[in-house]
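Enquirer: I am attaching a structure below and will ask some questions about it afterwards.
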Amino acid sequence: MPEDLEELRAATTALLSLATDLQAWDAVRVGTLGKSGALTTLLKELGKTAPEARRERGAALNRLKDDLATAIEARRVALEAEALAARLAAERMDVTLPPRPEIPGSLHPLSRTLEEITAIFGAMGFSVAEGPDIESDWHNFSALNIPGHHPARDDHDTFYLPGVPEQGSNGPPRVLRTHTSPVQVRTMLGQPPPIRVIVPGRTYRADHDATHSPMFHQCEGLVIDRDITLGHLKGCLTDFLRAFFGITTLPVRFRASYFPFTEPSMEVDIGWSRRTGEIGGGTDWLEILGSGMVHPKVLANCGIDPREWQGFAFGMGMERLTMLKHGMPDLRPFYESDLRWLRHYAASPFAPASLHEGVAG
Ligand code: DAH
């Protein structure tokens, strides 16, 4: 290869190794292969070479061009790899750091109860359904067989909102839902049976004392299928209560009662000691939830043929369950955000409720 070409090769190679970033590298590339780069200029001058030497010089120039293009590209790849390695080293994050000893957050006892209820019913094949806090009068009352004049409405005094605008100002009022039962209606209207859902959520009533809050939480349950009997209801709720309180021999009693949306209806009691407050001990009974076989009228209101389908429903207060499980005397601290109370009753977010771990732990 002619001397001047060897020199250009050596000079370019040296410049390339001196280029330590992509900007310097690009200057070498343009200075060599660019429009007025050193090699490009030599190629342009090929025409001036004497015809007998032109062929040989042309071949040498093209070889050099290939070699330099390869070297330049290799340098780019190397520089990019170096830049990436430097970035990875600089932005390195140690994900193996242990958690801080002081956990910044913890689970409110109501959230923990919700997790436990969901774990227990989840294992029995229930899924979770939800509905709006602001309900129509129809979903909250009428569809559940509680007509306007019904005395059951007295126990469900709540907060009323203006009527639905599209039905005119005289339209039926909307209410803050007084129970989670309207989601039974929404679920039945929204999906064909069989149905197996629980419905945890906020509920409202015009009530305020040590054991009542204007806003509280309930969990509803609904099972609709063919051939569902009172036996299923009793087995399901007995299993639930024993799992929730972690007492396999917990006495459970079903007592005839009345709800407009179930027939027959039953109150469910658990054994406890009135004197010591011990759940499962003593000879007293404590009312814990309401239940019953879904009223045929409610099924029909929701477009389900009561001759073909039947089922059971239940509803319970989540604060009440939580208070009983943890021996809490007063409901108001649930919403007062007193850190001392929260620290005392809170659960660890790193110990989620599961049947495998034992929800009562
Ligand atoms: N909705 C009732 C209440 O708030 C509780 C209840 C009772 C729900 C019986 C039910 C049921 O689904 O079957 O007082």
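The values are calculated or read from the model by the stated rules, or taken from the named source; none is laboratory data. The shown structure was predicted, so the numbers you read here are calculated from the model rather than taken from an experiment. Positions of Cβ are generated from backbone atoms using ideal geometry, with glycine treated the same way; all protein chains shown enter the neighbour counts. In case anyone asks, the SASA skips ligands and DNA or RNA and just uses the protein heavy atoms, side chains included. Shrake-Rupley method; radii C 1.70, N 1.55, O 1.52, S 1.80 Å.
Enquirer: Of all DSSP beta bridges in the chain, what percent run antiparallel (nearest 5)? Let's see the in-between values first.
Expert: Numbers: 46 of 48 bridges.
Here the share of antiparallel DSSP bridges comes out near 95 percent.
Enquirer: Rounded to the nearest 20 debye, what is the charge dipole size of the chain about its Cα centre when +1 sits on each Lys and Arg Cβ and -1 on each Asp and Glu Cβ? Could you put the intermediate results ahead of the total?
Expert: Details: 37 positive and 46 negative charges, 82 e Å.
Taking the Cα centre of the chain as origin, the dipole is about 400 debye.
Enquirer: For segment 247-321, report the accessible area per residue in Å² (1.4 Å probe, heavy atoms, rounded to an integer).
Expert: Details: 3480 Å² over 75 residues.
Heavy-atom SASA per residue in segment 247-321 reads 46 Å².
Enquirer: What whole-number value in cubic angstrom gives the convex hull volume per residue for the C-alpha atoms of the chain? Write down the numbers at each step before the final one.
Expert: Details: hull volume 107.2 nm³, N = 361.
Output value, Cα hull per residue: 297 Å³.
Enquirer: For the chain, what is the calculated [θ] at 222 nm in deg cm²/dmol (nearest 500), taking -39500 (n - 2.57) for each run of four or more DSSP H residues and dividing by its residue count?
Expert: Values: 11 runs with 141 residues, N = 361.
Helix contribution divided over all residues of the chain: -12500 deg cm²/dmol.
Enquirer: For segment 1-136, what is the accessible area per residue in Å², given a 1.4 Å probe and the full set of protein chains? Walk me through the numbers before you get to the answer.
Expert: Details: 8970 Å² over 136 residues.
Heavy-atom accessible area per residue stands at 66 Å².
Enquirer: With the cut-off at 1.5 for a/c, could you classify segment 148-275 from its C-alpha gyration tensor as rounded, prolate or oblate? Provide the component values of the computation, followed by the final result.
Expert: Details: a/c = 2.24, a/b = 1.45, b/c = 1.54.
In terms of gyration-tensor shape, oblate.
Enquirer: Tell me the GluC sites (Glu not before Pro) within segment 254-337 that lie in a loop according to DSSP and have at most 14 other beta-carbon atoms within 10 Å.
Expert: Details: sites: 267, 278, 287, 308, 319, 336; in loops: 278, 308, 336.
Counting only loop positions with at most 14 other Cβ atoms within 10 Å, the GluC sites (Glu not before Pro) in segment 254-337 are 278, 308, 336.
Enquirer: Give, to the nearest whole percent, the P(r) tail of segment 3-90 beyond 21 angstrom, counting all Cα pairs. Show your work: numbers first, answer last.
Expert: Working: 1397 of 3828 pairs.
The calculated P(r) of segment 3-90 puts 36 percent of pairs beyond 21 Å.
Enquirer: Rg and Dmax of segment 173-212, Cα atoms, in Å?
Expert: Answer for segment 173-212, Rg first and Dmax second: 13.3, 41 Å.
Enquirer: Then there is this: Could you pull out the GluC sites (Glu not before Pro) across segment 1-94 that fall in loop regions by DSSP (anything but H, G, I, E, B) with no more than 12 other Cβ atoms inside 10 Å?
Expert: Details: sites: 3, 6, 7, 45, 52, 56, 73, 80, 82, 91; in loops: 91.
Passing sites in segment 1-94 are 91.
Enquirer: Let me ask something additional. Could you compute the net charge surrounding residue 37? Neighbours are other residues with a C-beta less than 11 Å from the C-beta of residue 37; K and R count +1, D and E count -1.
Expert: Working: positive: 29, 35, 44, 65; negative: none.
Overall, the nearby charge balance is +4.
Enquirer: In addition: Using only Cα atoms, locate the centre of segment 228-281 and the centre of segment 303-340, then give the distance between them in Å, rounded to an integer.
Expert: Using only Cα atoms to place each centre, the spacing works out to 13 Å.
Enquirer: Across the Cα atoms of segment 247-286, what radius of gyration and what greatest pairwise Cα-Cα distance (Dmax) are found, in Å?
Expert: Cα-based Rg and Dmax for segment 247-286 come out at 12.3, 35 Å.
Enquirer: How much of the accessible area of the chain, probe 1.4 Å, is carbon plus sulfur, in whole percent?
Expert: 55
Enquirer: While we're looking at this one, here's another question. Would you please classify the overall shape of segment 309-356 from the alpha carbon gyration tensor, given that a ≥ b ≥ c denote the square roots of the eigenvalues, rounded means a/c under 1.5, and beyond that prolate means a/b larger than b/c while oblate covers the rest? Display every interim value, and only then the final one.
Expert: On the way: a/c = 2.96, a/b = 1.55, b/c = 1.90.
Since a/c reaches 1.5 but b/c is at least a/b, the shape of segment 309-356 is classed as oblate.
Enquirer: In nm, to one decimal, how far is the modelled label at residue 161 from the one at residue 239, with both set 7 Å along Cα→Cβ?
Expert: With each label placed 7 Å out from Cα toward Cβ, I get 3.8 nm.
Enquirer: Take the chain, mark every one of the trypsin sites (Lys or Arg not before Pro) that falls in a DSSP loop and has at most 16 other Cβ within 10 Å, then report the longest stretch left between them, sites excluded. Intermediate results must be reported in sequence, preceding the final value.
Expert: On the way: sites that count: 35, 92, 226, 274, 275, 307.
Counting at most 16 other Cβ atoms within 10 Å as exposed, the longest clean stretch of the chain is 93-225.
Enquirer: Between residue 163 and residues 5 or more places away or on another chain, which pairs have amide H atoms under 5 Å apart, with H built 1.01 Å from N, and which residues are they?
Expert: Here the answer is 174, since their amide H atoms fall under 5 Å of that of residue 163.
Enquirer: Please state the relative contact order of segment 3-90 as a whole percent: Cα pairs under 8 Å, 6+ residues apart?
Expert: Details: 49 pairs, mean separation 29.9, N = 88.
Relative CO of segment 3-90 lands at 34 percent.
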